[in-house]
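Here's the structure we're looking at; comments come further down.
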Amino acid sequence: MRRIVVLILALWCICLQAGPLPADPAESPEDYFTRGFTLVLDQDFPQARSMFEYALKLNRDFIPARLALDAVKDVINQQLTAQAGADLVKGIDYAHQAAWEEALQEFDRVARAQPRYARVYALRGNVYVLKGDAKQAITEYNRALEINPSSAGTYNDRGITYATLGEFDLATADLDRALRIDPTYKMAYLNRAHAYVRMGRFDDAIADYGRALEIDPELSEAYLNRGDLLFSQKSRYAEAISDFSRVIELSPKNADAYYNRGLVHAASGNYESALNDFTMTMVLNPADPEAYFAKAAMCEQTGDKQTAVETYKKIVQFFAADQPDAARKAQERLFLLDRQGEGR
């Protein structure tokens, strides 16, 4: 199964005011983020706020715009100076480009100018996580929480970081705190579910994926992960198929959902549906040999030796250079099928 268990850095939830979208719908969230960034450098914070809000209306999960909007709001509310706000947004932009050292330099400027501004330490923590320095990230989150102990986002992020260190009890304790502060924090439910999976607490994980979906019925990651658990740990095939089908409704090009649903169909004996799903996986993700193997195995199961042979040959042809182990495995299957055909 391809469970997408990824612990997610997701900071402060914000409420966007309703308003008309810009005239050109072809423009992307990235375009509006860039405009907002330019306006921040010009210290036109009200207009920058509008651009970041537009970016989030187009993609509510576009984290750079979400973080930049928080910074701009803090400037407008006089919690952050104009220069510190500009430096903070520059740091966010550098982090968006994976320029970690430059991002830290900008965040350091903000911390020196306003040492009691909690958000900057949380942002530094996020950068250290992305750099792979989880222990330093914990130090930064601790500092942020000393200043603002009521930040659900920082508890969420520290909890994620504890999980990357294998400290799952500490991780779930922090995620519990985040949810006590904000019971509608869908990402904290999602992240706690991920942690429960790592702990083997599958019933608790399924429950938390469900809670996240009550808050956001279009959270495809929760359906994908819950579907995996329902299939692989609970043998609740019909519910798993329902979850994977919902992912496909929300994201028609999600190859993992097709692949996982194909596995459930195969386990249920619905071989035709399984073949259709594995074929669609190959179309959507032709660089992944697993779907080819699954289709070939299903063809063997149904007695369609010709299609099985053709599929194994494609694996040898497509993956010999980049994934020689897959090609070698396919060649072994071809050899065995050939011997079977000769009655040996």
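Taken together, R124, R177, R143 contain a single residue that is among the basic types (K, R) and within 24 Å of A212 (Cα to Cα), which is R177.
Being more than 20 Å from G269 (Cβ to Cβ) and outside any loop (DSSP other than H, G, I, E, B) is the requirement here; does A327 meet it? In short, yes. Name the single residue that is nearest to V316 (Cα to Cα) among those in segment 267-288 being touching a Lys or Arg at 6+ places or on another chain (Cβ under 8 Å) and of a type in the set (A, V, I, L, M). Going through the qualifying residues, I end up with M282. Would segment 202-209 turn up any residue that is outside any helix (DSSP H, G or I) and either hydrophobic (A, V, I, L, M, F, W, C) or over 27 Å from V247 (Cα atoms) (or both)? No - not one qualifying residue is present in segment 202-209. Residues in segment 146-171 that are buried (at least 21 other Cβ atoms within 10 Å of the Cβ) and closer than 22 Å to L224 by Cβ: N156, G159, I160, A163, A171. Of everything listed in (1) out of contact with any Asp or Glu (no Cβ under 6 Å at 6 or more places or on another chain); (2) on the phi < 0 side of the Ramachandran plot, the single unmet condition for Q43 is (2). In segment 287-301, is there at least one residue being more than 21 Å from L263 (Cα to Cα) and part of a helix (DSSP H, G or I)? No, segment 287-301 has no match at all. Exactly one residue out of T184, T172 is polar (S, T, N, Q) and either outside any loop (DSSP other than H, G, I, E, B) or at pLDDT below 95 (or both), and it is T172.
Look through T281, T311 and report the one residue that is crowded, with 17+ Cβ neighbours inside 10 Å, modelled with pLDDT of 95 or more and within 21 Å of L229 (Cα to Cα). Steps first, answer last, please.
Values: T311 fails: within 21 Å of L229 (Cα to Cα).
Testing whether each residue is crowded, with 17+ Cβ neighbours inside 10 Å, modelled with pLDDT of 95 or more and within 21 Å of L229 (Cα to Cα) leaves just T281.
For the condition closer than 30 Å to R201 by Cβ, polar (S, T, N, Q) and in contact with a helix residue (DSSP H, G or I) (Cβ under 7 Å, 6 or more places away or on another chain), Q233 qualifies.
A single entry from A86, A55, A95 fulfils the requirement of being in contact with a Gly (Cβ under 9 Å, 6 or more places away or on another chain) and either among the charged types (D, E, K, R) or outside any loop (DSSP other than H, G, I, E, B) (or both): A55. Look at D174 and say whether it is touching a residue at least 60 places away in the same chain (Cβ under 8 Å), more than 18 Å from the chain's Cα centre (by Cα) and not assigned by TED's automatic domain parsing to the domain that holds S220. Answer is no for this residue. Might you let me know whether segment 99-115 holds any residue that is outside any loop (DSSP other than H, G, I, E, B), in contact with a Pro (Cβ under 8 Å, 6 or more places away or on another chain) and under 23 Å from I147 (Cα atoms)? Within segment 99-115, none of the residues are outside any loop (DSSP other than H, G, I, E, B), in contact with a Pro (Cβ under 8 Å, 6 or more places away or on another chain) and under 23 Å from I147 (Cα atoms). For segment 226-278, the candidate set comprises residues that are β-branched (V, I, T) and either more than 23 Å from C299 (Cβ to Cβ) or touching a residue at least 24 places away in the same chain (Cβ under 8 Å) (or both); within that set, the residue that is surrounded by the most Cβ atoms within 10 Å (Cβ to Cβ) is V264.
The values are calculated or read from the model by the stated rules, or taken from the named source; none is laboratory data. Everything quoted here is computed from the prediction, not taken from an experiment. Glycine also receives a Cβ, built like all others from the backbone with ideal geometry; neighbour counts cover every protein chain displayed.
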